[in-house]
Structure formats: C-alpha cells, structure tokens
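Student: Just passing along the structure, written as structure tokens.
Only the coordinates and a few stated rules stand behind these numbers; no lab work does. Being a predicted model, the structure only gives us computed values, none of them experimental. When we count neighbours, we look across all protein chains shown, and the Cβ atoms used for this are built from the backbone with ideal geometry, even at glycine.
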Amino acid sequence: DTLPDKPADQLNLADKVHIVMALLTDDTDTRKKDIAHQYDIPVQQLDTWKKHYLEGNWTALMNGTNPFCP
C-alpha cells in the first residue's frame, strides 16, 4: 500500500486515517519506525493518531481545525 507522499505538516485528516489504516494491518515496530521516518515524526505521534482514530476523536486528528470553516 502506498502512503501519502507529502510532508507531515501537509497531511490532512484523510491522509492520517490512511496511515492509521496501514498501521492497523501491520502494527509492527519496524513498520511504525519506517512510517515515522518517512514523515519525520516521532513514533509516539503515530500511536496518538491511532488512539484518536480508535476513539473516534476526529477533531484531534484534524489538529483542532474545523473542516467546514476556511
């Protein structure tokens, strides 16, 4: 599976969900480290995104932004 090809600061909600879905199918330390390296973010950030996803906390995944406001 291909992950979004953009810097971490440009990832939107759909991109983060895509990444979390990849982790749900392969949640090994190696996979996490590879993804974290690809986006130059800490592995803990991926764990946080996964936690927010599983809790249905969409606002947190959007970094507090509102998709309905410009």
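Student: Which entry in (1) 11.7, 38; (2) 11.0, 32; (3) 11.2, 35 matches Rg and Dmax of the Cα atoms in Å derived from the coordinates of this structure?
Tutor: Answer by label: (1).
Student: In the neighborhood of residue 27, defined by Cβ-to-Cβ distances under 10 Å, what is the net charge if each Lys or Arg adds +1 and each Asp or Glu adds -1?
Tutor: 0
Student: Another one. Tally Lys/Arg at +1 and Asp/Glu at -1 over every other residue whose Cβ is under 14 Å from the Cβ of residue 36; what's the total?
Tutor: -1
Student: Which net charge results when you count Lys and Arg as +1 and Asp and Glu as -1 among the other residues whose beta-carbon is under 10 Å from that of residue 47?
Tutor: Every neighbour counted, the sum reads +2.
Student: Projecting each Cα onto the charge dipole of the chain (Lys/Arg +1, Asp/Glu -1 at the beta carbon, about the Cα centre), which of 4, 17, 28 comes out farthest on the positive side?
Tutor: Going by the charge dipole, the pick is 17.
Student: Got a sec? Which residues in segment 26-40 would a label at residue 5 touch, if it sits 7 Å along Cα→Cβ and we count backbone N under 16 Å?
Tutor: What the label zone holds, given the 16 Å backbone N cut-off, is 38-39.
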